[in-house]
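Here is the structure we will look at.
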Amino acid sequence: MTRLHLDQRQIDRARESARRIAGAVRAQMEPYTTTSVERATLRLLGVDGVDENGVPLPNRLVEHLQAADLLAHGAAPVVIGAMLEQQSTVQQVAEAVAAGTLRLRRPA
C-alpha cells in the first residue's frame with residue numbers, strides 16, 4: 001500500500017480547524033429547526049401512517065406543534081414528554097393528536 005508522506009502537524013492543524021468551524025456552525029444553527037427536520041425526526045422515532053384525511057401523521061404532529069408554538073423546542077422532547085406522561089407509544093401519541101384527543105405541551 002502506498003503511503004502519503006504528510007506532515008502530521010498540518011493534519012492536526014487541519015483537523016482542529018475543521019472542529020472549530022463545525023462547532024461554530026453548530027452553535028449558529030442549534031436554535032433553529034425546520035418542519036422537514038422535525039417530520040424526519042418523528043419518522044425516525046417511529047411515527048407512521050396517515051389520518052382519516054390521508055395526511056401523514058408526522059405532518060399532523062408538526063402542524064399541531066406549530067399551532068401550539070412548540071416547534072422551536074423540537075418535536076422529540078415534546079412528543080417523548082407526552083409518551084412518558086401518557087404512558088403511550090410514539091404511535092399512540094401521534095394518533096391521539098391527529099384524533100384531537102391529545103394536546104401536546106412543553107414538557108416540564
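The values are calculated or read from the model by the stated rules, or taken from the named source; none is laboratory data. What you are looking at is a predicted structure, and each value in this text was computed from that prediction instead of being measured. Glycine also receives a Cβ, built like all others from the backbone with ideal geometry; neighbour counts cover every protein chain displayed.
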The number of residues in the range 92-102 that are more than 9 Å from A82 (Cβ to Cβ) and part of a loop (DSSP other than H, G, I, E, B) is 2
Every listed condition ((1) in contact with a Pro (Cβ under 8 Å, 6 or more places away or on another chain); (2) of a type in the set (V, I, T); (3) in contact (Cβ under 8 Å) with a residue 24 or more places away in the chain) holds for T41 save (1)
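Quick one: in the range 1-30, of everything that is outside any loop (DSSP other than H, G, I, E, B) and among the charged types (D, E, K, R), which residue is farthest from G74 (Cα to Cα)?
Checking each candidate, the answer is R9.
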Report yes if some residue within the range 54-72 is β-branched (V, I, T), part of a helix (DSSP H, G or I) and either under 15 Å from the mean Cα position of the chain (by Cα) or on the phi < 0 side of the Ramachandran plot (or both); otherwise report no.
yes
Looking at L57, is it at pLDDT 95 or above and within 17 Å of R103 (Cβ to Cβ)?
yes
Given (1) of a type in the set (V, I, T); (2) part of a helix (DSSP H, G or I); (3) modelled with pLDDT under 95, T33 misses just (2)
The range 78-102, residues that are more than 19 Å from the chain's Cα centre (by Cα), within 19 Å of G49 (Cα to Cα) and either among the aromatic types (F, W, Y) or exposed (fewer than 15 other Cβ atoms within 10 Å of the Cβ) (or both):
A99, G100, T101
The listed residue being surrounded by 11 or more Cβ atoms within 10 Å (Cβ to Cβ), free of Cβ contacts under 8 Å to residues at least 12 places away in the same chain and among the aliphatic types (A, V, I, L, M), out of A75, A67, A24, A18
A67
Spot the failing condition for T33; the list is (1) over 15 Å from V93 (Cβ atoms); (2) without any contact (Cβ under 8 Å) to a residue 40 or more places away in the chain; (3) of a type in the set (S, T, Y), and only one is missed.
(2)
When both residues are 6+ apart or on different chains and their Cβ atoms are under 6 Å apart, which pairs have a first residue that lies in the range 45-57 and is free of Cβ contacts under 8 Å to residues at least 24 places away in the same chain, and a second that is among the aliphatic types (A, V, I, L, M) and surrounded by 13 or more Cβ atoms within 10 Å (Cβ to Cβ)?
P56/V50
Positions within the range 27-54 being exposed (fewer than 12 other Cβ atoms within 10 Å of the Cβ), of a type in the set (S, T, N, Q) and farther than 17 Å from V97 by Cβ, in sequence order:
Q28, T34, S36
